[in-house]
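Participant: I'd like to ask some things about the structure below.
The values are calculated or read from the model by the stated rules, or taken from the named source; none is laboratory data. A quick note: this is a predicted structure, and the numbers were derived from the prediction, not measured. Cβ placement follows ideal geometry from the backbone for every residue including glycine, while neighbour counts extend to all protein chains displayed.
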Amino acid sequence: MKYIKYQTKDNKVFVGILEDETIYRLNYESIIDAIKDEEDIKKYYLNNFKDCLDDVKVLTPVDPSKIVCVGLNYNDHANELSMNIPSEPLLFLKPSTSVIAHEENIIYPKDTKKLDFEAELGLVVLSEINNKNNEDVFDIAYTIINDVTARDLQEKDGQWTRSKSFDTFCPIGPVVATGINPSNLRICSKVNNEIKQDSNTGYMIFSPKELIHYISSIMTLKEGDLIATGTPPGIDHLEHGDKIEIIVEKIGILRNIVK
């Protein structure tokens, strides 16, 4: 199922289930709360009040305390860069202040001359995971993340915090999806309708389960936190006015404009 958080024209905020262009309104304040009642919701949601996707403003689906990101996690991306396969995940963080929603603008900072996009499958933590409960079954769902990066600042600094952390550098959404296999999904990016990245999550070096095990052994993952699982080959630069779309099979399209 695909869950969406949105604002109507009269400024009311709702959570709903998205099917095609129709949103079935739910009586929940958060997507995570709705997912926890998913089995009951499945029985009745088609009888609920409906909104049209074109008539609402899509909001960020969750409010993470942190976004944990993974570098170099696709075999085809490592091959593209002629780099060795890492023996363990390479982690970095993006701040919660970098998060924006579907259709919101990515702001091109004056500090950079190379603004890049990175298409990523996002893992949504539905209940707390730490080194005491990081077992084989995790309570997670899935979304889309664009790990926007000031590439020249990343190269200049030698570490990644500044280049990854500007406001608007983490578009997420538009939905949170459940009931899908994260290990076999087509993942693409398009700039002004031209395909730039085109791969499959099956090329990940470390699977979503392995990433959760590894990350939660280091830090507690709180409800609503996000994991950005890495990007495939084909990343490129963005210019003012570009439309960037990240597409993940069975989840949807995350679209933003660069301003």
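Participant: Where in the stretch 182-232 are there strands (runs of 3 or more DSSP E), lying fully within it, with 2 or more residues that are surrounded by fewer than 23 Cβ atoms within 10 Å (Cβ to Cβ), assigned by TED's automatic domain parsing to the domain that holds residue 125 and not small (Gly, Ala, Ser)? Reasoning before the result, please.
Facilitator: Numbers: elements: 186-191, 194-200, 226-228.
Output list reads 186-191, 194-200.
Participant: Kindly state which strands (runs of 3 or more DSSP E) lie completely within the stretch 18-110 and contain at least 3 residues that are within 20 Å of the chain's Cα centre (by Cα).
Facilitator: Ranges flagged: 67-71, 90-94.
Participant: Given the structure, is residue 54 loosely packed, with under 14 Cβ neighbours inside 10 Å, touching a residue at least 12 places away in the same chain (Cβ under 8 Å) and touching a Leu at 6+ places or on another chain (Cβ under 7 Å)?
Facilitator: no
Participant: If you scan the stretch 154-169, which residues turn out to be polar (S, T, N, Q) and outside any loop (DSSP other than H, G, I, E, B)?
Facilitator: 154, 161, 163
Participant: I would also like to ask the following. Please find, among 248, 258, the residue that is in contact with a Leu (Cβ under 8 Å, 6 or more places away or on another chain) and either outside the structural domain of residue 130 (by TED's automatic domain parsing) or over 24 Å from residue 65 (Cβ atoms) (or both).
Facilitator: 258
Participant: Same structure again: Looking at the stretch 117-132 only, could you name the residues that are more than 14 Å from the chain's Cα centre (by Cα) and assigned to a strand (DSSP E or B)?
Facilitator: Within the stretch 117-132, 129 is the sole residue that qualifies.
Participant: Which residue is nearest to residue 238 (Cα to Cα), if the candidates are limited to the stretch 133-153 and must be at pLDDT 95 or above and part of a loop (DSSP other than H, G, I, E, B)?
Facilitator: Within the stretch 133-153, the match that is nearest to residue 238 (Cα to Cα) is 148.
Participant: Against the definition (at pLDDT below 95, in contact with a strand residue (DSSP E or B) (Cβ under 6 Å, 6 or more places away or on another chain) and either over 25 Å from residue 200 (Cα atoms) or not assigned by TED's automatic domain parsing to the domain that holds residue 8 (or both)), how does residue 105 come out, yes or no?
Facilitator: No, not satisfied.
Participant: Which residues, taken from the stretch 135-165, are under 16 Å from the mean Cα position of the chain (by Cα) and of a type outside the set (Gly, Ala, Ser)?
Facilitator: Step one: list which residues in the stretch 135-165 are under 16 Å from the mean Cα position of the chain (by Cα), which gives 140-149, 164-165.
If the condition is that a residue be under 16 Å from the mean Cα position of the chain (by Cα) and of a type outside the set (Gly, Ala, Ser), then 140, 142, 143, 144, 145, 146, 147, 148, 149, 164 are the ones that fit.
Participant: Right, something else. Just the residues that are charged (D, E, K, R) and without any contact (Cβ under 8 Å) to a residue 40 or more places away in the chain, please, taken from the stretch 178-221.
Facilitator: Listed by number, the residues that qualify are 194, 198.
Participant: Of all residues being in contact with a Phe, Trp or Tyr (Cβ under 6 Å, 6 or more places away or on another chain) and closer than 19 Å to residue 159 by Cα in the stretch 74-94, which is surrounded by the fewest Cβ atoms within 10 Å (Cβ to Cβ)? Just the residue, please.
Facilitator: Selected residue: 92.
Participant: Okay, next question. Could you tell me whether residue 235 is under 24 Å from residue 53 (Cα atoms) and under 18 Å from the mean Cα position of the chain (by Cα)?
Facilitator: no
Participant: Among the residues in the stretch 17-27, are any exposed (fewer than 14 other Cβ atoms within 10 Å of the Cβ), under 22 Å from residue 173 (Cβ atoms) and of a type in the set (Ser, Thr, Tyr)?
Facilitator: Within the stretch 17-27, the first condition is being exposed (fewer than 14 other Cβ atoms within 10 Å of the Cβ), and the residues that meet it are 20-22, 27.
In the following step, the residues that additionally are under 22 Å from residue 173 (Cβ atoms) were identified as 20-22, 27.
Next, from what is left, pick out any that are of a type in the set (Ser, Thr, Tyr): 22.
So far as the stretch 17-27 goes, yes, one or more of its residues are exposed (fewer than 14 other Cβ atoms within 10 Å of the Cβ), under 22 Å from residue 173 (Cβ atoms) and of a type in the set (Ser, Thr, Tyr).
Participant: So how many residues does the stretch 170-181 have that are surrounded by fewer than 18 Cβ atoms within 10 Å (Cβ to Cβ) and part of a strand (DSSP E or B)?
Facilitator: Here the count works out to 0.
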